[in-house]
1. What value, in deg cm²/dmol to 500, does the helix sum -39500 (n - 2.57) over DSSP H runs of n ≥ 4 give at 222 nm once divided by the residues of the chain?
2. Give, as a single signed number, the net charge of other residues whose beta carbon lies under 14 Å from the beta carbon of S135, with Lys and Arg counted +1 and Asp and Glu -1.
3. Report the relative contact order of the chain, percent, no decimals, based on alpha-carbon pairs under 8 angstrom and at least 6 residues apart.
4. Ranked highest first by average number of other Cβ atoms within 10 Å, how do 77-89, 122-134 line up?
5. Please name which of P91, L141, T164 has its Cα lying farthest along the dipole of the chain towards the positive end, using unit charges on Cβ (Lys, Arg +1; Asp, Glu -1) and the Cα centre as origin.
6. As an exercise, use a Förster radius of 35 Å and the Cβ-Cβ distance of E77 and N123 to find the FRET efficiency, rounded to the nearest 0.05.
7. At a 10 angstrom cut-off on C-beta neighbours, averaged per residue, how do the peptides 59-65, 162-168 rank from highest to lowest?
8. Please state the charge dipole magnitude for the stretch 81-154, taken about the Cα centre, from unit charges on C-beta atoms (+1 on K and R, -1 on D and E), reported in debye and rounded to the nearest 20.
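Since every read-out is calculated from the coordinates, none of them should be taken as a lab result. This one's a predicted model, so the numbers in the text were calculated from it and none came from an experiment. Cβ atoms come from the backbone with ideal geometry, glycine included; neighbour counts cover every protein chain shown.
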Amino acid sequence: MSETWAAADGTIITIRPVCPEDLAIEREFVRGLSASTGYRRLMSARRLSLEELRHFTKIDQERELALIATTPVQGKERQIGVARYVRESSPGDAEFAIVLSDDWQGRGLGSKLLSSLLAAAKNNGLRRLVGTTMSENAGMLALGRKLGFKLARDPDSATITNLTIDLAGWSPKGASSIDDCR
Ligand SMILES: CC(C)(COP(=O)(O)OP(=O)(O)OC[C@H]1O[C@@H](n2cnc3c(N)ncnc32)[C@H](O)[C@@H]1OP(=O)(O)O)[C@@H](O)C(=O)NCCC(=O)NCCS
C-alpha cells in the first residue's frame, strides 16, 4: 500500500514501504547525500556498505518498518527520503531514524514522512518510539517538537538529545497507515 502527498511546489510524492527491489534507488539516494546530511543521520562520517543497504531494503517485517518517499524524475522513480523503525527488546518500544535528500530538507517532507511512520507504528501496536540526534541538529529537534516528541539531553552526553513519543497520546492528523510492501 502507498499514499501520496503534494509538496508546496506541487510535486507529488509517493510514500510506501521499502522492498528488496528498491536496492538500486536506495543506493543512489545514499550516494547523493551530502557529508553533512550523512553525518547527521549516522552521527558518524562513515558511509553505509552495500551489505547494510541490502539489509535496509530487505527488512525483517516482524521487527521493522521502513517507509520511503519517492518522486518521478525524468521518467524514473527517485528516492528522496526514508524513515524507519526497529522494534527494541522491550515490548511496545521501537527506535526510529529519518533522513531526506539535501534538496528536500526544510520543505515539509520530514513532517509528512515521520507522521506516516508514527501512524503505522501505532497501527502495528507499538506504544513508544524513541530516537537520538545530535543536540545541534536544529532541524530534527524542530521536527520532533512539532510532532509531539519529548526532548531530553542524554544523561551521559550533552551532545546527544533523546526523543521519545508516547503513541497512545498521539493522533495521526490525516495520516493513513501503510505497512505492506507494494
Ligand atoms: C531532520 C529532517 C528529517 C527534518 O525534515 P524536514 O523535511 O527538513 O523538516 P520539515 O520541513 O518538515 O520541518 C519541520 C519543522 O522543523 C522546522 N525546521 C526544519 N529545519 C529546521 C532547521 N534547520 N532549523 C530550525 N527549524 C527547522 C520547520 O520550520 C518545521 O516547523 P514548522 O512547520 O512549524 O515551520 C531533515 O532535515 C533531514 O533529513 N536532515 C538530515 C538527517 C537528519 O538529521 N536526520 C535525523 C537524525 S535521526
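1. Rounded to the nearest 500, it is -8500 deg cm²/dmol.
2. Charge balance near S135 sits at 0.
3. 23
4. Peptide ranking by packing, descending: 77-89, 122-134.
5. Among P91, L141, T164, the one farthest towards the positive end of the dipole of the chain is L141.
6. The pair E77/N123 has a calculated efficiency of 0.90.
7. Descending packing order for the listed peptides: 162-168, 59-65.
8. 360
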